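Data first, discussion second: the structure below is written as structure tokens.
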Amino acid sequence: MDLNTVWRDVVEELQPNQRAWLRASEPVTLHENTAIIAVPNDFTRGQLEGRLRAHLEDRLSDRFGREIRMAVTVNPGLEDEAAPLPTIDEAPARQSGNNSDWDADVVDLPGHGTGHGAGRVLDHGEPESSRPSGIGHQLGHQLGQGGHSGFDPGYTPERPTPPPTALETRLNPKYTFETFVIGSSNRFPHAAAVAVAEAPGKAYNPLLVYGESGLGKTHLLHAIGHYVRSLYSGAKVRYVSSEEFTNEFINAIRDDRQDRFKRRYRDVDVLLIDDIQFLEGKTQTQEEFFHTFNTLHNANKQIVLTSDRPPKLLEALEDRLRNRFEWGLITDVQAPDLETRIAILRKKAAMDRLTAPPDVLEFIASKIQTNIRELEGALIRVTAFANLNRQEVDMSLAEIVLKDLIPEGGEPEITSQLIIAQTAAYFGVSIDDLCGPSRGRHLVMARQIAMYLCRELTSMSLPQIGKEFGRDHTTVMYADRKINQLLAERRAVFNQVSELTNRIKMQARQG
Ligand SMILES: Nc1ncnc2c1ncn2[C@@H]1O[C@H](COP(=O)(O)OP(=O)(O)OP(=O)(O)O)[C@@H](O)[C@H]1O
């Protein structure tokens, strides 16, 4: 059964006045349980997402014999098709929607707005890394985006004030679409992310990406931020984890600075909010976020969310909030297949100038199957070990290092308490000191290693790890980077980390 036919029938069955809304709608694709429908403008999208949604989803589900969700995207090109002759009044309006408010360099980005994809078709063949200006455009098309020609973003860049730096928007410069490897496990969320970045507030709103830890959700979120900023200079992009959002909200109440907090999150063009599962059970923060969400959504500002579960399973979230999350497009990242894992390792090796022959990359990729963070960690350890021993990276070396990293018979569960206790014992310091404020050199190193191991061996988020040590997430990020670097430079650190990892894993296995 094809979506075109079903959509036509479903529209036919509507009341004439309702049918009028859908005159210029166009079904784009059916991806698993999501039917993507393009409409010409925000107003129509509002109708579809509001009063017509339940009915249309029911009818689509009946026809396909399974539950179908609808995701609506705006494609202004459809209006042109629907309207036989533009009136004189309309013409200038369209033109102003054609990016004339934006910086010239933005409009002239290669590969954009031409409608003729410079990108390759990604449905077949090897995983590849994404180049948004070509491939993204084409994928955007696959998801019903008309490219960004004719797209009126609805906000103007603030020319008098310089655009915020990546630091101010808190985007990790390494997490871009260029460094993201596309494979079958993430093709759809990647395409959705590109579409949203090319047409913020128009494509799918909100976009929600869910999936297990270490599969690239945060990476995609940051990539959207970078890409929006490169396309629309002056666009206000804000990235925040839900934990930070919660903490800032609590602090704002404490300091009686709610207004400032509200402005911070409501006065943005794109809000990227990570790990919304942390909002579960936090009633007051949920309430605040609900209003933030509504303010942004009503103003057609883009919201992108990530979660470790689909919204349906976020049980301790208020219904009205969960319901909001289900308005737009929901898509998941899955564990990468072997080819994608190899491609990710190749890319990482090239980026960080780590030399490892193809058989070693394949070996690592075959051993570490689910978490990309662990996959990258294993590559770093193998190359660091070789570097310290002034040896070539080869299979026998990789086998030794990975044997320590991956125990026979599956992974035991490792907690931060275990890591902290073992690290404290290993370095001969007390747990209180390890997690306390003292900044003695020995202690700082032990603490950084403990933080690094929490990042490596558990699925805890940066803020969660930070909390264990009474510090914020940036300290954890710094520690993680620092230890990764020292692993390659200092044999003592490499040995300590390896030995400690073994001890922790052994202890975890013994229960
Ligand atoms: N497709 C990919 N291509 C290249 N690198 C990737 C890809 N997916 C993930 N990574 C890398 O894997 C690491 C973990 O990814 P990320 O932090 O985005 O995962 P996550 O799903 O947000 O995990 P968590 O829920 O634990 O925060 C990052 O270093 C990221 O750059």
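With the requirement that a residue be open to solvent by 40 Å² or more (accessible area, probe 1.4 Å) and either within 18 Å of the chain's Cα centre (by Cα) or in contact (Cβ under 8 Å) with a residue 60 or more places away in the chain (or both), what does region 334-358 give you?
Those that are open to solvent by 40 Å² or more (accessible area, probe 1.4 Å) and either within 18 Å of the chain's Cα centre (by Cα) or in contact (Cβ under 8 Å) with a residue 60 or more places away in the chain (or both): GLN334, ALA335, ASP337, GLU339, LYS347, MET351.
So, of the residues in region 250-288 that are farther than 23 Å from ALA316 by Cβ and open to solvent by 80 Å² or more (accessible area, probe 1.4 Å), which turns out to be farthest from the ligand (Cβ to nearest atom)?
Across region 250-288, the extreme among qualifying residues is ASP256.
Quick check, is SER396 in contact (Cβ under 8 Å) with a residue 12 or more places away in the chain, open to solvent by 20 Å² or more (accessible area, probe 1.4 Å), among the small types (Gly, Ala, Ser) and part of a helix (DSSP H, G or I)?
no
Tally up the residues in region 328-383 that are small (Gly, Ala, Ser) and out of contact with any helix residue (DSSP H, G or I) (no Cβ under 7 Å at 6 or more places or on another chain), please.
Step one: filter region 328-383 for residues small (Gly, Ala, Ser), giving 328, 335, 343, 349-350, 356, 365-366, 377-378.
Filter again for out of contact with any helix residue (DSSP H, G or I) (no Cβ under 7 Å at 6 or more places or on another chain), leaving 328, 335, 343, 350.
Count: 4.
Just one of (1) among the polar types (S, T, N, Q); (2) more than 31 Å from the chain's Cα centre (by Cα); (3) in a helix (DSSP H, G or I) trips up SER438, so point out which.
(3)
Would you pick out the residues in region 432-444 that are farther than 14 Å from THR475 by Cβ and surrounded by 14 or more Cβ atoms within 10 Å (Cβ to Cβ)?
Selection gives ASP433 alone.
Within region 27-43, can one find any residue that is assigned to a strand (DSSP E or B), free of Cβ contacts under 8 Å to residues at least 60 places away in the same chain and open to solvent by less than 10 Å² (accessible area, probe 1.4 Å)?
yes
Looking at (1) farther than 18 Å from THR501 by Cβ; (2) in contact with a Leu (Cβ under 9 Å, 6 or more places away or on another chain); (3) of a type in the set (A, V, I, L, M, F, W, C), which one does VAL476 not meet, given that it meets all the others?
Answer for VAL476: the failing condition is (1).
Regarding region 406-415, can at least one residue be identified that is within 16 Å of the ligand (Cβ to nearest atom), within 31 Å of the chain's Cα centre (by Cα) and not charged (D, E, K, R)?
The answer is yes; a qualifying residue exists.
Could you identify the single residue in GLN277, GLN302 that is within 20 Å of GLY216 (Cβ to Cβ) and either of a type in the set (Gly, Ala, Ser) or without any contact (Cβ under 8 Å) to a residue 60 or more places away in the chain (or both)?
Values: GLN302 fails: either of a type in the set (Gly, Ala, Ser) or without any contact (Cβ under 8 Å) to a residue 60 or more places away in the chain (or both).
From the options GLN277, GLN302, the qualifying one is GLN277.
Taking the criterion of being open to solvent by 10 Å² or more (accessible area, probe 1.4 Å), at positive phi and more than 13 Å from the ligand (Cβ to nearest atom), would at least one residue in region 166-180 satisfy it?
Within region 166-180 (the criterion being open to solvent by 10 Å² or more (accessible area, probe 1.4 Å), at positive phi and more than 13 Å from the ligand (Cβ to nearest atom)), the answer is yes, since at least one residue qualifies.
Would you confirm whether any residue within region 220-240 is within 16 Å of the ligand (Cβ to nearest atom), part of a strand (DSSP E or B) and touching a Leu at 6+ places or on another chain (Cβ under 9 Å)?
Taking every residue of region 220-240 in turn, at least one turns out to be within 16 Å of the ligand (Cβ to nearest atom), part of a strand (DSSP E or B) and touching a Leu at 6+ places or on another chain (Cβ under 9 Å).
Among the residues of region 190-206, is there at least one that is open to solvent by less than 10 Å² (accessible area, probe 1.4 Å), part of a helix (DSSP H, G or I) and near the ligand (Cβ under 8 Å from one of its atoms)?
yes
Take LEU361 and decide whether it is part of a helix (DSSP H, G or I), more than 18 Å from GLN485 (Cα to Cα), free of Cβ contacts under 8 Å to residues at least 40 places away in the same chain and within 15 Å of the ligand (Cβ to nearest atom).
yes
Can you report the number of residues in region 364-378 which are open to solvent by less than 30 Å² (accessible area, probe 1.4 Å) and within 11 Å of the ligand (Cβ to nearest atom)?
4
Can you pull out every residue in region 302-333 that is out of contact with any Leu (no Cβ under 7 Å at 6 or more places or on another chain), closer than 21 Å to LEU30 by Cα and either part of a loop (DSSP other than H, G, I, E, B) or open to solvent by 40 Å² or more (accessible area, probe 1.4 Å) (or both)?
The answer is PRO310, LYS312, GLU326, TRP327.
The values are calculated or read from the model by the stated rules, or taken from the named source; none is laboratory data. Please read all numbers here as calculations on a predicted model, not as lab measurements. In this analysis, Cβ positions are derived from the backbone assuming ideal geometry, glycine residues included, and neighbour counts consider all displayed protein chains. When the accessible area is computed, the model is the full protein with side chains, heavy atoms only, and any ligands, DNA or RNA have been set aside. Shrake-Rupley method; radii C 1.70, N 1.55, O 1.52, S 1.80 Å.
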